[in-house]
Structures are given as C-alpha cells and as structure tokens.
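Chemist: Structure provided below as structure tokens; questions to follow.
The values are calculated or read from the model by the stated rules, or taken from the named source; none is laboratory data. Remember, it's a predicted structure, so these values are computed and weren't measured experimentally. Methodologically, a virtual Cβ is constructed for each residue, glycine included, from the backbone with ideal geometry; neighbour enumeration extends over all protein chains shown.
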Amino acid sequence: MIYLLPQAVDQSASKYPDHEVMRCNGQGLSYAELTRRTDNLARVLVEQGVHKGDRVGIYLNKSLESAVAIYGIMKAGAAYVPLDPLAPISRLRLVIDDCGIRHIVSHPPKAKAVTELMAECSALECVIGLPLTDSSVRSMTWEAINTLPAGPAPALNLMEHDLAYIMYTSGSTGKPKGMMHTHYSGLSYAKMAAHVYDVTHADRLSNHSPLHFDMSTFDYFSGPLCGATTIIIPEAYTKLPASLSKLVQDERMTIWYSVPFALIQMLLNGVMEERDWSALRWVLFGGEPFTPKHLRALMRRLPQTRFSNVYGPAEVNQCTYYHVPPQPEDKDEQVPIGRVWANAEGLVVDENDHSVSVGEVGELLVHTPTMMRGYWGRPDLTERGFYRRKTLGYLEDVFYRTGDLVRELPDGELQFLGRKDRQVKIRGYRVELDEVETALSRHPQVDENVAYSLPLADGNAIIESAVILKPGATVSAAELKAHLGSHLPPYAMPEKILLMADFPRTTSGKIDRRALKEQALAALEGVANPQ
C-alpha cells in the first residue's frame with residue numbers, strides 16, 4: 001500500500017526499472033536511476049542537517065534534476081518549496097524568509113542568482129548542486145551526489161499527513177502565501193487524476209508547467225504513480241509554438257496538460273498541419289477559459305483526441321472536470337467546469353453560507369482529500385479560507401472557500417462565472433491585483449495607483465496599471481515598470497502603465513474603479529474615449 005509520494009516512484013522502479021520516468025532535452029532518466037539518485041540526495045540532505053518537517057527550496061530551471069530534487073527532498077523527510085527561477089531576488093527572499101528555508105537544491109545555470117540569494121538570505125546554510133568557493137555556505141555538486149555508492153534513503157518515520165510540499169502564490173498584501181500540501185493530499189490527487197484520465201504505464205505525459213505552478217503536480221505525481229514517462233518541456237519551448245508542436249510529435253506524447261494559451265499558440269503559430277499528433281489521446285486544459293472558437297478549431301484538427309476542462313485552485317489541486325463533447329459552430333458560451341469528482345463534495349453558497357438553488361450564482365466550496373492543510377505561518381488566513389460544517393452533532397466537515405463564483409446548470413454541471421475578490425488569472429497564474437498596487441505604491445514618486453485586468457479577444461487577460469504621480473515627479477512609465485520588475489514575477493507585470501492627472505471618482509471621492517476599467521476597455525477596443 002502506498003501512503004507517501006516517494007513510495008510511488010520506488011514501487012514503479014521495482015516493476016519497470018529500465019523504463020524512462022522523465023525525459024528532457026532528448027535525455028532520459030530510468031525509474032531505477034531516479035530511485036538511486038533520490039536515495040543519494042536524501043542521504044546527503046540529512047547529513048547536511050535536514051530534519052523531518054524542514055522546508056528545502058528547489059531553485060532550478062526545468063531539467064531532469066527537477067524530479068530528483070522533488071523526490072529526494074521528500075525522502076529526506078522534508079517538504080520541497082519550488083522557487084520561481086524567473087522571479088526577482090527580492091521576491092525569492094520573501095519566500096525563503098517566510099518559509100524558514102536553510103537548504104536549497106539548484107544547478108550551475110542559476111549560480112549567479114544563488115550568489116545573490118546567499119548575500120540576501122543569511123539563514124541559508126547549504127546549496128546542493130553547485131560548487132561554491134569562498135563561501136561559508138556548504139555545498140555539494142550533482143556530480144558528487146550521483147557518483148556516491150548506491151544505498152537506501154534514510155529511515156524516517158513519515159506519516160501521510162506530514163508536509164510534502166509548499167507552493168507559494170500571490171498574496172493580497174504584497175507578501176506571497178504558501179499552501180501546505182501533505183503526502184495524503186498530493187497522493188490523493190495523483191490517484192484520482194490517474195483514475196479519471198486512465199493514466200497507464202504506456203503513457204507519455206507533457207510537463208508544460210513550471211514547478212512553482214500547481215499544474216506540475218499532475219505530471220510529477222500521477223506519471224510516476226502509474227509507471228508512465230513524463231516529458232519535461234524546457235522553458236525555451238514555451239515561447240516557440242512551432243518547436244513545441246514538433247516536440248509533441250517527436251516525443252509521441254499521449255496526454256497534454258496546460259493552460260489554453262499554450263494550445264492556442266500552437267494552433268495559430270505551431271504549423272500543426274505539418275505535425276503528426278496521432279499518439280495524443282487526451283488534452284487537459286485549465287487555469288483559464290478556453291475561447292470557444294479556438295477550442296472548436298483544435299478539436300477539429302485532433303478528431304481522435306479527447307478533451308477535458310479541469311478546474312481546481314492550487315489549494316485543492318483539482319476538484320472538477322468536464323469531458324468536452326463536439327462543439328457546435330454556433331456555440332459561443334464557455335464550456336462548463338463540470339462536476340465535483342468522486343470522494344469529494346461541493347457546495348454553492350450565498351454570502352451567508354446558505355446553499356443556493358440550481359441556476360443561482362454562489363461561491364463554490366469544496367470538501368476533498370486533495371485539499372491543503374492550510375497556509376504556512378498564516379493561521380488567520382487559514383481560518384478565513386475554510387468553512388466548517390457541523391455533522392453528527394460534534395464532528396465537522398471542512399470545506400475550502402474557492403472564492404470562485406459558479407452556477408449549477410440544470411444538468412448538474414457547474415458554470416464558472418468569475419471571482420468574488422480582486423484575484424485574476426493571467427496565463428493560468430493567480431495574481432492578486434492588490435499585490436501589484438502594493439508594489440507600485442513602494443515607488444517614492446507614486447501618489448495613487450490602480451491595477452485592473454482587461455479581457456482579450458482570444459479569451460486571455462492582461463493587467464494594466466494607472467498611476468498618479470506626486471507633484472513635481474518626473475518618473476516615466478518605463479521606469480515604473482523597471483521598479484515593478486524587482487518586486488513582481490513576470491506573469492504579474494502590467495502590460496501597460498498609464499500616467500494620469502486624476503482618476504474618475506465617486507461622489508464620495510473614492511476612485512471609481514469600474515469607470516476607470518471601462519475607459520481602458522474602450523481604449524483597448526479602439527473606441528474613442530467619450531470623456
């Protein structure tokens with residue numbers, strides 16, 4: 001019986017030792033080799049002072065070492081914390097300090113950034129994967145770890161409800177918040193997804209998402225659970241639709257999972273008419289709506305492939321799915337997010353937590369074994385994030401408050417309608433608009449600012465910011481963007497910063513955010529501003 005995520009790798013290694021578990025840039029890693037390398041890494045981490053329950057950062061570009069780092073850290077009894085390889089050092093420092101990270105697993109391409117991190121984060125004690133000289137921080141290279149004599153991982157008394165990983169996302173106060181997932185929640189998701197999407201030993205999964213994005217857990221957990229092969233897609237391919245579509249062909253991928261944007265880019269710019277995607281049996285998409293016209297076009301191009309819209313905040317991994325039927329030409333509504341899957345329960349409630357009737361709008365609450373334990377170091381945020389329903393007089397069921405507004409359709413499917421707060425999805429990433437505003441307000445020449453999202457014709461969205469400078473200030477929009485670049489990850493950056501003399505305001509003097517957004521929409525659509 002498997003209770004811990006690393007046990008899935010070891011079990012598959014006993015069944016398929018020579019089968020590839022991961023591939024990246026044309027190189028493969030077998031299940032037997034992954035087990036050996038993760039056992040070695042776990043022993044090294046324990047020797048370097050990692051204890052059960054510690055948090056270890058993963059600061060890697062996408063590579064075969066990603067899988068070794070994930071499972072090696074968990075075998076050491078610690079929880080892995082993926083650090084965005086493209087985020088500014090100041091944001092990484094917030095995560096490292098908040099999570100109490102003392103050890104980092106990295107590799108040579110990040111050497112310069114790691115040096116900057118060590119200068120910023122005095123608590124760092126050890127960096128795995130890099131040779132460090134003239135430093136008080138201990139280090140060990142990948143070459144040294146991989147050539148260690150084979151031996152078992154440390155014997156640890158881990159339990160299924162111990163932490164497995166912590167994933168950080170945008171926070172409304174400007175401070176990222178960490179979602180704590182256990183071996184139980186991660187493994188429950190891996191098993192359920194493998195069941196719903198029929199993942200087998202013969203499958204070849206795409207890994208399009210970076211480690212710090214919650215979609216990556218399907219590729220890294222469900223694939224090894226079933227003895228399948230996961231194709232790690234390097235970051236460069238995500239910007240080259242033609243190369244990416246060729247990679248899908250050449251690697252004979254059978255299951256694809258990404259945000260719709262990646263699929264739309266390959267459809268429009270990936271010369272798909274020249275590609276052979278006959279091996280692809282299932283396309284999973286989520287994180288944002290899929291424009292109906294593009295979805296129809298892609299389904300016509302891939303008639304042999306099943307399509308499913310998947311939904312779930314990172315706090316619950318995933319909780320609904322919708323198997324998409326052929327889309328009629330005259331249908332322009334977004335496809336539903338489906339039904340809450342087995343061994344889970346969903347409630348649609350009003351502002352007083354009372355259930356609403358079919359067809360009425362309400363917030364979706366989810367009770368599922370795939371749910372996080374809570375937010376790291378934020379008991380206040382954790383308490384607000386959950387709804388507790390009394391049952392049997394003294395027990396309680398705990399539901400996560402998704403913050404998403406939905407409507408139950410007559411056939412029982414759920415229709416996603418948007419957020420009830422100021423959180424938006426940009427290319428599948430969750431961004432708190434308040435965090436963008438907080439970062440802009442740190443600039444000494446900014447008096448007021450507003451961040452808002454604008455929908456694009458292809459179904460995606462962008463962020464814009466409007467700024468009022470302090471009297472006499474001369475800072476440019478380009479300088480403000482450079483300032484934001486040191487505080488925000490790339491996906492949270494505004495596409496445009498507008499310098500304004502004043503904002504539209506309500507009669508009470510408050511900023512009229514709706515009017516401001518309507519002006520921006522009119523400009524985006526090329527309509528003359530009536531004001």
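Chemist: Can you confirm whether ALA150 is over 29 Å from the mean Cα position of the chain (by Cα), assigned to a helix (DSSP H, G or I) and aliphatic (A, V, I, L, M)?
Modeler: The answer is no for ALA150.
Chemist: Can you say whether VAL446 is at pLDDT 85 or above and out of contact with any Asp or Glu (no Cβ under 9 Å at 6 or more places or on another chain), as far as the supplied structure shows? Walk me through it before giving the result.
Modeler: Working: at pLDDT 85 or above: yes; out of contact with any Asp or Glu (no Cβ under 9 Å at 6 or more places or on another chain): yes.
It is true that VAL446 is at pLDDT 85 or above and out of contact with any Asp or Glu (no Cβ under 9 Å at 6 or more places or on another chain).
Chemist: All but one of (1) more than 19 Å from ASP203 (Cβ to Cβ); (2) assigned by TED's automatic domain parsing to the domain that holds ASN25; (3) among the small types (Gly, Ala, Ser) hold for ALA228, so report the exception by its number.
Modeler: Single failed check for ALA228: (1).
Chemist: I would also like to ask the following. Of everything in the range 114-172, what is closer than 27 Å to TYR375 by Cα, surrounded by 12 or more Cβ atoms within 10 Å (Cβ to Cβ) and among the polar types (S, T, N, Q)? Give them in sequence order.
Modeler: Once the filter is applied, which keeps residues that are closer than 27 Å to TYR375 by Cα, surrounded by 12 or more Cβ atoms within 10 Å (Cβ to Cβ) and among the polar types (S, T, N, Q), the range 114-172 yields THR169, SER170, SER172.
Chemist: Continuing with this model, one more query. Here are some conditions: (1) farther than 14 Å from VAL127 by Cα; (2) touching a residue at least 60 places away in the same chain (Cβ under 8 Å). ASP10 meets all but one. Which one does it not meet?
Modeler: All conditions are met except number (2).
Chemist: Let me ask another. In the set VAL335, VAL340, VAL316, VAL366, which member is crowded, with 19+ Cβ neighbours inside 10 Å and touching a helix residue (DSSP H, G or I) at 6+ places or on another chain (Cβ under 6 Å)?
Modeler: Exactly one residue qualifies, and that residue is VAL366.
Chemist: Give the number of residues within the range 286-300 that are at pLDDT 90 or above, among the small types (Gly, Ala, Ser) and closer than 15 Å to PHE416 by Cβ. Explain how you work it out, then say what you get.
Modeler: Our first condition is that a residue be at pLDDT 90 or above; within the range 286-300, this holds for 286, 295-300.
Retained after the next criterion (residues that are among the small types (Gly, Ala, Ser)): 286, 297.
With closer than 15 Å to PHE416 by Cβ added as a condition, the list becomes 286.
Residues flagged as at pLDDT 90 or above, among the small types (Gly, Ala, Ser) and closer than 15 Å to PHE416 by Cβ within the range 286-300 amount to 1.
Chemist: I'd like the residue in the range 214-253 that is assigned to a loop (DSSP other than H, G, I, E, B) and out of contact with any strand residue (DSSP E or B) (no Cβ under 7 Å at 6 or more places or on another chain) and, out of all such residues, is surrounded by the most Cβ atoms within 10 Å (Cβ to Cβ).
Modeler: Across the range 214-253, the extreme among qualifying residues is GLY227.
Chemist: Another question about this same structure. State whether the residues of the range 274-286 include one that is assigned to a helix (DSSP H, G or I), in contact (Cβ under 8 Å) with a residue 12 or more places away in the chain and buried (at least 21 other Cβ atoms within 10 Å of the Cβ).
Modeler: So far as the range 274-286 goes, no, none of its residues is assigned to a helix (DSSP H, G or I), in contact (Cβ under 8 Å) with a residue 12 or more places away in the chain and buried (at least 21 other Cβ atoms within 10 Å of the Cβ).
Chemist: So, TYR168, is that one out of contact with any Lys or Arg (no Cβ under 6 Å at 6 or more places or on another chain), among the aromatic types (Phe, Trp, Tyr) and either over 30 Å from GLN318 (Cα atoms) or not in a helix (DSSP H, G or I) (or both) or not?
Modeler: It is true that TYR168 is out of contact with any Lys or Arg (no Cβ under 6 Å at 6 or more places or on another chain), among the aromatic types (Phe, Trp, Tyr) and either over 30 Å from GLN318 (Cα atoms) or not in a helix (DSSP H, G or I) (or both).
Chemist: For the range 50-137, which helices (runs of 4 or more DSSP H) that fit wholly inside it have 1 or more residues that are touching an Asp or Glu at 6+ places or on another chain (Cβ under 7 Å)?
Modeler: Here the list reads 64-75, 89-99.
Chemist: Among what's in the range 349-388 and is without any contact (Cβ under 8 Å) to a residue 12 or more places away in the chain and polar (S, T, N, Q), pick the residue that is farthest from ALA193 (Cα to Cα).
Modeler: Step by step, filter the range 349-388, then rank; the result is ASN352.
Chemist: Are there any pairs with C-beta distances below 6 angstrom linking a residue in the range 226-251 that is touching a residue at least 24 places away in the same chain (Cβ under 8 Å) to a residue that is among the β-branched types (Val, Ile, Thr), with the two at least 6 apart or on different chains, and if so which?
Modeler: Short answer, once both residue conditions are applied: CYS226/VAL199; CYS226/THR200; ALA228/VAL199; ALA242/VAL271; GLU251/ILE231.
Chemist: Look at GLU351 and say whether it is more than 22 Å from the chain's Cα centre (by Cα), within 24 Å of VAL283 (Cβ to Cβ) and not basic (Lys, Arg).
Modeler: In short, no.
Chemist: For the range 32-57, give me the residue count where each residue is within 25 Å of the chain's Cα centre (by Cα) and farther than 30 Å from GLY377 by Cβ.
Modeler: The number of residues fulfilling the criteria is 1.
Chemist: Considering only the range 312-322, I want to know if a residue exists there that is more than 21 Å from TYR491 (Cβ to Cβ) and either of a type in the set (S, T, N, Q) or touching an Asp or Glu at 6+ places or on another chain (Cβ under 9 Å) (or both).
Modeler: The answer is yes, given that some residue of the range 312-322 is more than 21 Å from TYR491 (Cβ to Cβ) and either of a type in the set (S, T, N, Q) or touching an Asp or Glu at 6+ places or on another chain (Cβ under 9 Å) (or both).
Chemist: Give me a count of the residues in the range 374-433 that are part of a helix (DSSP H, G or I) and either surrounded by 18 or more Cβ atoms within 10 Å (Cβ to Cβ) or of a type outside the set (Asp, Glu) (or both).
Modeler: The number of residues fulfilling the criteria is 6.
Chemist: Among ASP84, ASP98, which is of a type outside the set (A, V, I, L, M), in contact with a Pro (Cβ under 6 Å, 6 or more places away or on another chain) and either under 30 Å from THR438 (Cα atoms) or free of Cβ contacts under 8 Å to residues at least 24 places away in the same chain (or both)?
Modeler: Answer to the selection: ASP84.
Chemist: With respect to VAL348, determine if the residue is among the β-branched types (Val, Ile, Thr), in a strand (DSSP E or B) and more than 30 Å from GLY53 (Cα to Cα). Don't jump to the end; show me each part of the working.
Modeler: On the way: among the β-branched types (Val, Ile, Thr): yes; in a strand (DSSP E or B): yes; more than 30 Å from GLY53 (Cα to Cα): yes.
Taking the combined requirement at face value, the residue satisfies it.
Chemist: With the condition kept exactly as written, say whether any residue in the range 58-76 is among the β-branched types (Val, Ile, Thr) and either under 30 Å from MET493 (Cα atoms) or in contact with a Cys (Cβ under 9 Å, 6 or more places away or on another chain) (or both).
Modeler: yes
Chemist: Within the range 179-194, is there a residue that is among the small types (Gly, Ala, Ser) and closer than 25 Å to ALA87 by Cβ? Step through it out loud before you land on a result.
Modeler: Going through the range 179-194, the residues among the small types (Gly, Ala, Ser) turn out to be 185-186, 188, 190, 193-194.
When the remaining residues are screened for being closer than 25 Å to ALA87 by Cβ, the result is 185-186.
So far as the range 179-194 goes, yes, one or more of its residues are among the small types (Gly, Ala, Ser) and closer than 25 Å to ALA87 by Cβ.
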